Amino acid sequence: MRNGTFDLHCDVLSKLLTGEATAFAGTGSEKLDVTYEKLIASDAWLQTYAIYLPESYPSTFSSILQCVDLFYRHIASRAEVAFVRSAAELQAAVDSGRLGAMLSLEGADGLQGDFTALRILYYLGVRSLGLTWNYANWAADGVMEPRGGGLTRQGRKLVQACNGLGILLDVSHLSESGFWDVADLTDAPVIASHSNAKSACDHPRNLSDDQIRAIIAMGGLIGITFVPWFVSNKETVTIDDLLPHIDRILSLGGEKTLAFGSDFDGIDRHMTGLADPTGISPLRNELEHRYGDTLAMACLRDNALRFFLKQLPK
Ligand SMILES: [Zn+2]
C-alpha cells in the first residue's frame, strides 16, 4: 500500500460545483488545493470528498446530486482512483495502492428532512454525514448558531437512520449541545473530521477536553485540521503550531483517535508550508521526529484505516 495519508475532509467538490475549478486534473484544476496530480506527487493515499453546498446555493437534494455527479465524473471515474464504500473496498484499495476516495455530506440542510433522499445518498456511496454546517437547520444547530440548541426531533431520527444504514456521523460544525445529543443517541462511534483542541486554540469550531474524552471513549476519530485560525491566533501559522493540539489529544489518551482532516479547498488562507497535499511530507518528518514512526503513521493513516475497516459496511 502507499505510505500515505488518510485525509478526512476536503472541499474539492464545492469548487467544482461553483465553477471555481472545472477539472480535478490538468487544465481547469489550477484553483484547487487537492488535484489528481498533487495527490499522486505527495504522500496522499485516501481522500474524503465532502459534499458542501455554499450558502449561495439552494439547499436542495438536487444540489447535493450535482455534487455526487461531479464526484463520479471527475474523481471516482479515474482508473487510478478506488471509490471506497465498504470495508472490502477499503482493503482492496490498500492492497492495490490506488488512491482511495470516500464521499461525505457536510450539513444535512439539502436533505430537507427527506429520509428517502438519505437512503439514496447511501446507495450512491455517502458513508459519513455532518448534521450541520455552522448554522441551524432542520436537524440541529451548528456551532455558530447563537442559541446553541441541540438536535431536533427530526435530527434524532436522522442519527438513528444513519446508524441503521451504516452512515457514520461527523460532529465537526455541530453545536456543543448537539454533540452531546449525538453522543447519547448513536450506536456507532463518531468522527470529528476537521476540528482541533480548544485548549490549544480557543475557537468555537474546536473540541473541548470533555468532547475529546467522549470521542476517545467511544472509539471515534478526530481529524486535526490545517485551518490556520483553528490552529493558532498567530499571524503566521506553521506545522509547529499543530503539535500542541496533537499533544493535548495524546495527553487525554487519544493515540488511537488522532487523524487528519485538512479542509483543503475549504479555506482561503493556508498554514505556511501546508497548502496542499504536497505539504504532508514535511509534516510527516516533523511527526516522526517528535513522536516516532509508529505514532506518526497512526496519526497520518493507520488510526483512520483501522477505524473505517471496522465501521464501514462489510
Ligand atoms: Zn467544514
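Values as computed for the structure displayed
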item: The stretch 133-175, residues that are surrounded by fewer than 17 Cβ atoms within 10 Å (Cβ to Cβ), away from the ligand (no atom under 15 Å from the Cβ) and within 17 Å of the chain's Cα centre (by Cα); result: GLY166
item: Filter result for the condition that a residue is within 16 Å of the ligand (Cβ to nearest atom), at negative phi and crowded, with 16+ Cβ neighbours inside 10 Å, over ILE64, ILE75; result: ILE64
item: Positions within the stretch 1-32 being within 14 Å of the ligand (Cβ to nearest atom) and either surrounded by fewer than 24 Cβ atoms within 10 Å (Cβ to Cβ) or in contact (Cβ under 8 Å) with a residue 60 or more places away in the chain (or both), in sequence order; result: ASP7, LEU8, HIS9, CYS10, ASP11, VAL12, SER14, LYS15
item: Residue among VAL143, VAL171 that is in contact with a Phe, Trp or Tyr (Cβ under 6 Å, 6 or more places away or on another chain) and under 22 Å from LEU242 (Cβ atoms); result: VAL171
item: Answer residue from the stretch 180-209, given it is within 14 Å of the ligand (Cβ to nearest atom), outside any strand (DSSP E or B) and of a type outside the set (S, T, N, Q) and is surrounded by the most Cβ atoms within 10 Å (Cβ to Cβ) among those; result: HIS194
item: Residue within the stretch 282-302 that is in contact with a Phe, Trp or Tyr (Cβ under 9 Å, 6 or more places away or on another chain), more than 16 Å from the ligand (Cβ to nearest atom) and more than 30 Å from LEU185 (Cα to Cα) present; result: yes
item: Residue that is surrounded by the fewest Cβ atoms within 10 Å (Cβ to Cβ), among those in the stretch 113-132 that are among the β-branched types (Val, Ile, Thr) and in a helix (DSSP H, G or I); result: THR116
item: Long-range neighbours under 7 Å by Cβ, at least six apart or interchain, first residue within 11 Å of LEU111 (Cα to Cα) and touching a residue at least 60 places away in the same chain (Cβ under 8 Å) within the stretch 130-158, second open to solvent by 40 Å² or more (accessible area, probe 1.4 Å) and within 16 Å of the ligand (Cβ to nearest atom); result: ASN137/ASP109
item: Residues that are within 16 Å of the ligand (Cβ to nearest atom), acidic (Asp, Glu) and in contact (Cβ under 8 Å) with a residue 12 or more places away in the chain, drawn from the stretch 33-55; result: ASP33
item: Any chance SER104 is of a type in the set (Gly, Ala, Ser) and within 16 Å of the ligand (Cβ to nearest atom); result: yes
item: Pair list, Cβ under 8 Å, 6 or more apart: the stretch 289-310 residue among the β-branched types (Val, Ile, Thr), other residue in a helix (DSSP H, G or I); result: none
item: Subset of the stretch 228-265 (residues that are farther than 17 Å from GLU286 by Cβ, in contact with a Phe, Trp or Tyr (Cβ under 9 Å, 6 or more places away or on another chain) and within 16 Å of the ligand (Cβ to nearest atom)); result: GLY261, ASP263, PHE264
item: Segments classed as helices (runs of 4 or more DSSP H), wholly inside the stretch 223-314, with at least 2 members that are touching a strand residue (DSSP E or B) at 6+ places or on another chain (Cβ under 6 Å) and open to solvent by less than 10 Å² (accessible area, probe 1.4 Å); result: 243-251, 303-311
item: Some residue of the stretch 85-95 being open to solvent by less than 40 Å² (accessible area, probe 1.4 Å) and under 26 Å from ARG205 (Cβ atoms); result: no
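The values are calculated or read from the model by the stated rules, or taken from the named source; none is laboratory data. Here the structure is a predicted model, which is why all the values come from computation and not from measurement. Please note: Cβ atoms are built from the backbone with ideal geometry, for glycine as well, and neighbour counts cover all protein chains shown. Heavy atoms of the whole protein, side chains included, go into the accessibility calculation; ligands, DNA and RNA do not. Shrake-Rupley method; radii C 1.70, N 1.55, O 1.52, S 1.80 Å.
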